[in-house]
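Chemist: Mind having a look at this structure? Questions to follow.
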Amino acid sequence: MMLRACLAGLLLVPAIAAAAPAAQAGAEAPDFVLPAFDGGTLRLSDLRGSFVYVDFWASWCAPCRQSFPWMNRLATLSAGKGLRVIAINVDERRADAEAFLKVTPAAFTVLLDPKGDVAARYRLPGMPTSFLIGPDGRIRWMHAGFRSGDDARLQGMLLREMSAR
């Protein structure tokens, strides 16, 4: 059953990404307004002036379970240092995201994109996919997937970008 859900979810990602390659480094990050998991809304453009690590995820995504602990550490370590961590859930059913977050809690902002409109604008190549958006609102880099060792590599990339500011 779980395998079927994973395969079904993976089939959706190519449909999103088929139109064009993922949003590119140097391009203006597509703005969005999304509801927050814990209430309220967040507009990406309101975070101009800060670095923003935006991660797209889904409850069926096994690598997402690996990336959340690292993003929790990142959010804790970067508090007050000019970096915001935001995770955008693309599950159609909020209950699926809730179940995931009970097992794998988030110490950062979680937004909901149940129709996949924002995910489609970013043209994701897979799950999870993360973007670092600079203080100028431009995409600095994109990273697809999350494997062992990615945490150290992504941390290094973040530090280089933020120190070059």
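Chemist: Are there any strands (runs of 3 or more DSSP E) wholly within segment 1-85 with 1 or more residues that are within 13 Å of Pro128 (Cα to Cα) and at pLDDT 95 or above, and if so which?
Modeler: Fully inside segment 1-85 and qualifying: 51-57.
Chemist: Quickly run through segment 111-131 and pick out the residues that are in a strand (DSSP E or B) and either open to solvent by 10 Å² or more (accessible area, probe 1.4 Å) or without any contact (Cβ under 8 Å) to a residue 40 or more places away in the chain (or both).
Modeler: Within segment 111-131, Leu112 is the sole residue that qualifies.
Chemist: Among the residues of segment 132-151, are any crowded, with 17+ Cβ neighbours inside 10 Å and in contact with a His (Cβ under 6 Å, 6 or more places away or on another chain)?
Modeler: No.
Chemist: Another question, if that's okay. Would you check which residues across segment 133-148 are more than 14 Å from the chain's Cα centre (by Cα) and on the phi > 0 side of the Ramachandran plot and list them?
Modeler: Within segment 133-148, just Gly137 meets the criteria.
Chemist: For a quick check of your reading of the model, give me the residue pairs whose first member lies in segment 79-90 and is farther than 16 Å from Trp57 by Cβ and without any contact (Cβ under 8 Å) to a residue 24 or more places away in the chain, whose second is charged (D, E, K, R) and buried (at least 24 other Cβ atoms within 10 Å of the Cβ), with beta-carbon atoms closer than 8 Å and at least 6 apart or on different chains.
Modeler: none
Chemist: Which is of a type in the set (A, V, I, L, M, F, W, C) and in contact with a helix residue (DSSP H, G or I) (Cβ under 8 Å, 6 or more places away or on another chain), of Leu158, Leu77, Leu101?
Modeler: Leu158
Chemist: Right, another one. When only residues in segment 152-165 that are more than 15 Å from Ser130 (Cα to Cα) and basic (Lys, Arg) count, which is surrounded by the fewest Cβ atoms within 10 Å (Cβ to Cβ)?
Modeler: Selected residue: Arg165.
Chemist: Condition check: of a type in the set (Gly, Ala, Ser) and either closer than 18 Å to Asp117 by Cβ or surrounded by fewer than 22 Cβ atoms within 10 Å (Cβ to Cβ) (or both). Does Ser67 satisfy that?
Modeler: Considered against the rule, which asks whether it is of a type in the set (Gly, Ala, Ser) and either closer than 18 Å to Asp117 by Cβ or surrounded by fewer than 22 Cβ atoms within 10 Å (Cβ to Cβ) (or both), Ser67 comes out as no.
The values are calculated or read from the model by the stated rules, or taken from the named source; none is laboratory data. Quick caveat, the model's predicted, so the values are computed rather than measured. Cβ sites come from the backbone with ideal geometry, for glycine too, and all protein chains shown count toward neighbours. When the accessible area is computed, the model is the full protein with side chains, heavy atoms only, and any ligands, DNA or RNA have been set aside. Shrake-Rupley method; radii C 1.70, N 1.55, O 1.52, S 1.80 Å.
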